[in-house]
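A short worksheet on the structure shown next.
The values are calculated or read from the model by the stated rules, or taken from the named source; none is laboratory data. Owing to the predicted nature of the structure, the values given are computational and were not obtained by experimental measurement. Reconstructed Cβ throughout: ideal geometry from the backbone, glycine too, with neighbour counts over all protein chains shown.
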Amino acid sequence: MSRITTIETRDLKQSCTSGGCGECQTSCQSACKTSCGIANQPCEGKTEE
Amino acid sequence: MLLLLLLCKLAKNVKIIVVLNITAEFWELTMIHTYKLNGKNFVLDVNSGGVHLVDDLAYDCIEFLRDSGAKEEPLLNEAARNAAILQLEQKDYKKSEIAEALDEIAALTEAGKLFSGDEEYVKLAAKKSQTTPQEQKNVIKALCLHVAHTCNLDCEYCFARGGTYHGKHTLMSREVGEKAIDFLIEKSGSRRNLEVDFFGGEPLMNWETVKHIVNYARNIEEQHNKNFRFTLTTNGMLVTDEVIDFCNAQMANVVLSLDGRPAVHDRFRVTPGGVGSYDVVVPKFVEFAKRRKKNYYMRGTYTHFNTDFTEDIFHMAELGFDELSMEPVVCPPGSPNALTDDDLPVLFEQYEILALEMLKREKTGSKPFNFYHYNIDLKNGPCIHKRILGCGSGSEYMAVTPTGELYPCHQFVGDKDFALGDVWNGVKNFDIIDKFKKSSLYSKPQCGDCWGKFYCSGGCAANAYHSCGDINGIYEFGCKLFKKRIECGIMLNVEKTLLAEARNEQI
Ligand code: SF4
Ligand code: SF4
């Protein structure tokens, strides 16, 4: 590809089947806490796809 | 051929799906977000999580396909390709170059990285929301323990009003703390990692109980096959060497509240007598961070009075802190502290300044720091299940008051409409649990066509409730800032990735 550089990202479609273990951190976005948005946390399962 | 496939995909997207138990209607939607930042063109394929850096021609092509293709049947045929070529030739691109860009776009569409749909997600959300009002099997994996409804500071912007949550000054007893731990273990099912957050008011005003609860949990975690992760949020006034040592041994994270420059910090973070706390807390925090090294956050709040908040972040970095977070204040719109729509352009610029400064520091190696909202793990971020579910308040996460009552989260504490039950008798108010369980990204109508949705998960239920009276609503002002942060965060991450690759190549 000469016009588009694709950055390596987790494929959310595939994570439908590979994800869902529920071991990840809760993600309170509240300003008065750790304000962890979903995008700011890693996957606990370290699922390989 | 591939392009035809793409155009078919674009055309079939207006399918209305009524989700089980979810009253709102959603479209099976392809969604592309484009933006320019730091002289580069970014394209996000929202549903797959794809991130692309593209040249000007590909950028214009993708925007044309998105804007004209979404609802138009005629784009189903080869004429569509010609239409794209015709349109883009007017922008002085060469026909052969346009054809090349269209081929690349088509290949990525075929690979599921551009113009992908969300049909599976709609079904997933429907499945997750299937629950009956008397649902007993709710798995809880995190508790926020309000160990002290009292505070030694009196910050005007605090939503907990001097730490009391509009009630009496109270401290949690050891017995309530132990019971809360038992309750969490019992309700956590097969979940191994359990989180407990010591919160207040000021938790260090009940420090002996905090230590007791930690020791109690540590003594029984192994026999229940659990792993507790503790977090402490503190204003710093009562930090001592002993607190630092205990936290370093036991707390997975500590959150230290500092608003930045002395005058900014002391405007709000004052003792009940009105004395600023900067001079007391900063030396303690410096010592804390020095001995801790990682897994802490300096957390500040910015208001209408310091819309130049990057100066406060840089001040923290000057003090030697390198894990930083700075939050927009949330307060009633009429308050003089409240951020306004007029502040937005300045705030947007601030987030860009911050990202560019961080990139500069990364390149030069001079005092680099992390900004919490720009920590975006593109490769190993959460799965789609988590992104649909959101923060988990009222289902997998609850708050416990000093007297053992349960609420959906700390922001609902004190609001009797949201009282869930207590740690002795468990949850009794299943109507509320049901509401929170059914609340997901796909139950929030305004989030459906928001490009930020899988980075945000539908936002904070409490903010939504306080701004529009519905946990399935949105806090629109917050959304605007959130999306700007994500744009900047992705830019920074992409630039850092490219930088690392370039460095590796040099080696
Ligand atoms: S509702 Fe808001 S404050 Fe409560 S846990 Fe969720 S994100 Fe945090
Ligand atoms: S809460 Fe706001 S930013 Fe988040 S998905 Fe909904 S509309 Fe988008």
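For the range B:362-402, taking the residues that are assigned to a helix (DSSP H, G or I) and more than 7 Å from chain A (Cβ to nearest Cβ), the one that is farthest from B:T497 (Cα to Cα) is identified as B:L389. Can you name the residue in the range B:455-491 that is hydroxyl-bearing (S, T, Y) and out of contact with any helix residue (DSSP H, G or I) (no Cβ under 7 Å at 6 or more places or on another chain) and is also nearest to ligand 2 (Cβ to nearest atom) among such residues? Only one residue tops the list, namely B:S467.
Evaluate the range B:194-213: report whether one residue or more is assigned to a strand (DSSP E or B) and among the polar types (S, T, N, Q).
Step one: filter the range B:194-213 for residues assigned to a strand (DSSP E or B), giving B:194-200.
From the residues that got through so far, the ones that are among the polar types (S, T, N, Q) too are none.
There is no residue in the range B:194-213 that is assigned to a strand (DSSP E or B) and among the polar types (S, T, N, Q).
Filtering the range B:48-65 to residues that are more than 7 Å from every other protein chain (Cβ to nearest Cβ) and touching a residue at least 24 places away in the same chain (Cβ under 8 Å) leaves B:Y59, B:D60, B:C61, B:I62, B:E63, B:F64, B:L65.
For the range B:418-507, the helices (runs of 4 or more DSSP H) that sit wholly inside it and include 1 or more residues that are among the basic types (K, R), surrounded by fewer than 20 Cβ atoms within 10 Å (Cβ to Cβ) and at pLDDT 95 or above are B:476-506. Taking the condition among the hydrophobic types (A, V, I, L, M, F, W, C) and touching a helix residue (DSSP H, G or I) at 6+ places or on another chain (Cβ under 9 Å), does B:M326 pass? Criteria met by B:M326.
Considering only the range B:444-494, state which residues are within 14 Å of ligand 1 (Cβ to nearest atom) and away from chain A (no Cβ under 13 Å). Correct list: B:K444, B:S467, B:C468, B:D470, B:I471, B:N472, B:G473. Here is a check on your reading of the model: is A:T34 in contact with a strand residue (DSSP E or B) (Cβ under 9 Å, 6 or more places away or on another chain), modelled with pLDDT of 85 or more, within 7 Å of another protein chain (Cβ to nearest Cβ) and assigned to a loop (DSSP other than H, G, I, E, B)? No: the conditions fail for A:T34.
Take the conditions away from ligand 2 (no atom under 16 Å from the Cβ), away from every other protein chain (no Cβ under 14 Å), buried (at least 22 other Cβ atoms within 10 Å of the Cβ) and over 24 Å from B:R269 (Cα atoms) and apply them to B:A148. Does it pass?
On the way: away from ligand 2 (no atom under 16 Å from the Cβ): yes; away from every other protein chain (no Cβ under 14 Å): yes; buried (at least 22 other Cβ atoms within 10 Å of the Cβ): yes; over 24 Å from B:R269 (Cα atoms): no.
Spelling it out, it is not the case that B:A148 is away from ligand 2 (no atom under 16 Å from the Cβ), away from every other protein chain (no Cβ under 14 Å), buried (at least 22 other Cβ atoms within 10 Å of the Cβ) and over 24 Å from B:R269 (Cα atoms).
Only a single item in (1) at pLDDT 90 or above; (2) within 12 Å of ligand 1 (Cβ to nearest atom) is not met by B:P402, and it is number (2).
Taken residue by residue, the range B:433-446 has at least one member that is in contact with a strand residue (DSSP E or B) (Cβ under 8 Å, 6 or more places away or on another chain), hydroxyl-bearing (S, T, Y) and within 12 Å of ligand 2 (Cβ to nearest atom).
The set of residues in the range B:385-411 being more than 21 Å from A:C24 (Cα to Cα) and within 18 Å of the chain's Cα centre (by Cα) consists of B:Q411 alone.
Do we find a residue being assigned to a helix (DSSP H, G or I) and β-branched (V, I, T) anywhere in the range B:296-305? No, the range B:296-305 contains no residue that is assigned to a helix (DSSP H, G or I) and β-branched (V, I, T).
Out of B:K367, B:K386, which single residue is under 22 Å from B:L492 (Cα atoms) and not β-branched (V, I, T)?
On the way: B:K386 fails: under 22 Å from B:L492 (Cα atoms).
Only one candidate qualifies: B:K367.
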